[in-house]
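A.B. asks: Quick one: the structure is below, and I'll ask about it shortly.
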Amino acid sequence: MSHRPIPVFRPLLEASEFEAVRQALEMGWLGMGSYVGAFEAACAERLELGTRKAVAVSTGHAALHLALAVAGVGPGDEVITPAFNNVADFQAILALGAAPVFCDISDETLCIDLEQAETLISPKTKALIAMDYDCILCDHDQVARLAQNRGLRVVHDAAHAFGSRYQGRAVGSFSDIAVFSFDPVKTITCIDGGLVVVRTEEEANLLREMRLIGMGQPSTLMYQNRRAWTYDVTRLGFRYHMANLHAALGLSQLSKFDHIAETRRWACRAYSQALAGIPEVRLPASGFEEVVPFLYYIRVPSSRRDDLRTFLSARGIDTGIHWQPGHWFSLFRDCRRGDLSVTDRVGHEILSLPLHSGMDEGDLHRVADGIRAFFYR
Ligand SMILES: *Cc1c(COP(=O)(O)O)cnc(C)c1O
């Protein structure tokens, strides 16, 4: 029996996205322009940023690179990051000539183990990356306390947490510096895109220059689809701006964010119900109340995971692995680290199931039935 394949990710692309892209192309100003200004404003509203500033960039990786630069990270510095994190974070640290220091995670939340993080602080430590893993957020109050006590900057990698709330407060609205990604698989996509949220106009202006290869021309002018031909260059910069076309797509996605959030929450709750009671399967400890889930992950015995992936794949069900921990990669093998035993275990157990807005009850039950069939065959 052959089944329609169920991909692990699928962006919600409807008539409105195609129309938004067509309009942006017809306007003919393809680089950074009015759509980027509108996208930043719409994100600021959705994320309840208040007086904080949102600066859109080309990718989440670019956002991390610039966020760490604004935090003052430079050659010889150390940045503490969970080893269980996206490669983009590790590479952004390296790009500044700094060194990642790998910290373990909590077995419950899969977010950084703050007790261990404190023991890893050295005179070289400049910043801490607090990454929300999917549907359970970091203990951000504790992160802020630790950073304040030890004089560290915090880069909150909120790529998984767009639209989520922490103790009633919108993610992005309370951190030292917060970073989002809109890559093709994220909760909302711009094809590729990122966002940095900072507290002050001064830091926002630094970001605006650095994303435009250091050109000190006003973003306000570019948001009128115009550019200055004369300007000064005073600092290192990168070609990291967001393009109008991408912002147009992002605006269309934002306009249906409530639907995207609700369908994802519904699917996660349905998974947790359908998968409850299988002894080998550990579910995320979340009721998905205050969060907009980016993934639905399960943990299974490491000796069975790859066979389970193959079994599901034969039934047309795609799965993913988020992630291989940082210290498993050749490039990061020698980085300073704490005891990473939770990370090592989770790295072998974790499995991402299909999650997107287009899934119906039938898809969900095919996935859940496949998992049951594997463990009870
Ligand atoms: C996706 C992701 C990134 C990188 O974002 P890109 O837009 O793909 O560069 C960084 N951190 C986390 C936690 C992510 O999930």
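Read the figures in this text as sums done on the coordinates, not as results from a lab. A quick note: this is a predicted structure, and the numbers were derived from the prediction, not measured. Positions of Cβ are backbone-derived with ideal geometry, glycine not excepted, and every protein chain shown enters the neighbour counts.
A.B. asks: In the range 144-179, what residues are closer than 26 Å to LEU283 by Cβ and buried (at least 22 other Cβ atoms within 10 Å of the Cβ)?
C.D. replies: HIS156, ASP157, ALA158, ALA159, HIS160, ALA161, PHE162, GLY163, SER164, TYR166, VAL171
A.B. asks: Which condition number does SER357 fail, the rest of (1) closer than 13 Å to VAL8 by Cα; (2) within 16 Å of the ligand (Cβ to nearest atom); (3) among the hydroxyl-bearing types (Ser, Thr, Tyr) being met?
C.D. replies: Evaluating SER357 over (1) closer than 13 Å to VAL8 by Cα; (2) within 16 Å of the ligand (Cβ to nearest atom); (3) among the hydroxyl-bearing types (Ser, Thr, Tyr) leaves (2) as the failure.
A.B. asks: Read through the list (1) within 16 Å of the ligand (Cβ to nearest atom); (2) surrounded by fewer than 24 Cβ atoms within 10 Å (Cβ to Cβ), then give the number of the only condition that HIS65 fails.
C.D. replies: Among (1) within 16 Å of the ligand (Cβ to nearest atom); (2) surrounded by fewer than 24 Cβ atoms within 10 Å (Cβ to Cβ), the lone unmet condition for HIS65 is (2).
A.B. asks: Of the conditions (1) among the polar types (S, T, N, Q); (2) more than 24 Å from GLY60 (Cα to Cα); (3) within 16 Å of the ligand (Cβ to nearest atom), GLN116 fails just one. Which one is it?
C.D. replies: Against the list (1) among the polar types (S, T, N, Q); (2) more than 24 Å from GLY60 (Cα to Cα); (3) within 16 Å of the ligand (Cβ to nearest atom), GLN116 comes up short only on (3).
A.B. asks: If you take the residues in the range 258-285 that are in contact with a Phe, Trp or Tyr (Cβ under 9 Å, 6 or more places away or on another chain) and outside any helix (DSSP H, G or I), which one is farthest from the ligand (Cβ to nearest atom)?
C.D. replies: Selected residue: PRO279.
A.B. asks: Every residue in the range 211-226 that is surrounded by fewer than 24 Cβ atoms within 10 Å (Cβ to Cβ) and either touching a residue at least 12 places away in the same chain (Cβ under 8 Å) or closer than 24 Å to ARG46 by Cβ (or both), please. Steps first, answer last, please.
C.D. replies: Restricting attention to the range 211-226, the residues satisfying the condition of being surrounded by fewer than 24 Cβ atoms within 10 Å (Cβ to Cβ) are 212-226.
LEU212, ILE213, GLY214, MET215, GLY216, GLN217, SER219, THR220, MET222, TYR223, GLN224, ASN225 - these are the residues of the range 211-226 that are surrounded by fewer than 24 Cβ atoms within 10 Å (Cβ to Cβ) and either touching a residue at least 12 places away in the same chain (Cβ under 8 Å) or closer than 24 Å to ARG46 by Cβ (or both).
A.B. asks: Please specify each residue of the range 248-278 satisfying the condition of being more than 29 Å from CYS43 (Cα to Cα) and out of contact with any helix residue (DSSP H, G or I) (no Cβ under 8 Å at 6 or more places or on another chain).
C.D. replies: SER272, GLN273, ALA276, GLY277
A.B. asks: Can you tell me which residues in the range 286-299 are touching a residue at least 60 places away in the same chain (Cβ under 8 Å) and either more than 17 Å from CYS111 (Cα to Cα) or assigned to a loop (DSSP other than H, G, I, E, B) (or both)?
C.D. replies: SER286, PHE288, GLU290, VAL291, VAL292, PRO293, PHE294, LEU295
A.B. asks: For GLY362, all conditions in the list (1) in a loop (DSSP other than H, G, I, E, B); (2) among the small types (Gly, Ala, Ser); (3) without any contact (Cβ under 8 Å) to a residue 40 or more places away in the chain hold save one; what is the number of the exception?
C.D. replies: Going through the list (1) in a loop (DSSP other than H, G, I, E, B); (2) among the small types (Gly, Ala, Ser); (3) without any contact (Cβ under 8 Å) to a residue 40 or more places away in the chain, GLY362 breaks only (1).
A.B. asks: Same structure, new question: Residues that are of a type outside the set (Val, Ile, Thr), over 19 Å from ASP192 (Cβ atoms) and buried (at least 18 other Cβ atoms within 10 Å of the Cβ): does the range 250-262 have at least one?
C.D. replies: Checked against the condition, which is being of a type outside the set (Val, Ile, Thr), over 19 Å from ASP192 (Cβ atoms) and buried (at least 18 other Cβ atoms within 10 Å of the Cβ), the range 250-262 yields at least one hit.
A.B. asks: Restricting to the range 194-222, give me the number of residues that are part of a strand (DSSP E or B), within 24 Å of LEU249 (Cα to Cα) and hydrophobic (A, V, I, L, M, F, W, C).
C.D. replies: Total satisfying the criteria: 5.
A.B. asks: Okay, next question. Determine which member of the set PHE294, PHE182, PHE288, PHE238 is more than 16 Å from the ligand (Cβ to nearest atom) and touching a helix residue (DSSP H, G or I) at 6+ places or on another chain (Cβ under 9 Å).
C.D. replies: Selected residue: PHE288, the only one of PHE294, PHE182, PHE288, PHE238 that is more than 16 Å from the ligand (Cβ to nearest atom) and touching a helix residue (DSSP H, G or I) at 6+ places or on another chain (Cβ under 9 Å).
To keep it simple, each residue is scored yes or no on (1) more than 16 Å from the ligand (Cβ to nearest atom); (2) over 16 Å from the mean Cα position of the chain (by Cα); (3) surrounded by fewer than 24 Cβ atoms within 10 Å (Cβ to Cβ).
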site: PRO5; (1), (2), (3): yes, yes, yes
site: GLU14; (1), (2), (3): yes, yes, yes
site: GLN23; (1), (2), (3): yes, yes, yes
site: GLY31; (1), (2), (3): yes, yes, yes
site: PHE39; (1), (2), (3): no, yes, no
site: GLU45; (1), (2), (3): yes, yes, yes
site: GLU78; (1), (2), (3): yes, yes, yes
site: GLN91; (1), (2), (3): no, no, yes
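A.B. asks: Something else about it: Give the residues of the range 193-202 that are crowded, with 21+ Cβ neighbours inside 10 Å and out of contact with any Cys (no Cβ under 7 Å at 6 or more places or on another chain), sorted by residue number.
C.D. replies: GLY193, GLY194, VAL196, VAL197, VAL198
A.B. asks: For residues in the range 160-183 being among the small types (Gly, Ala, Ser) and not in a loop (DSSP other than H, G, I, E, B), which is nearest to ARG265 (Cα to Cα)?
C.D. replies: ALA170
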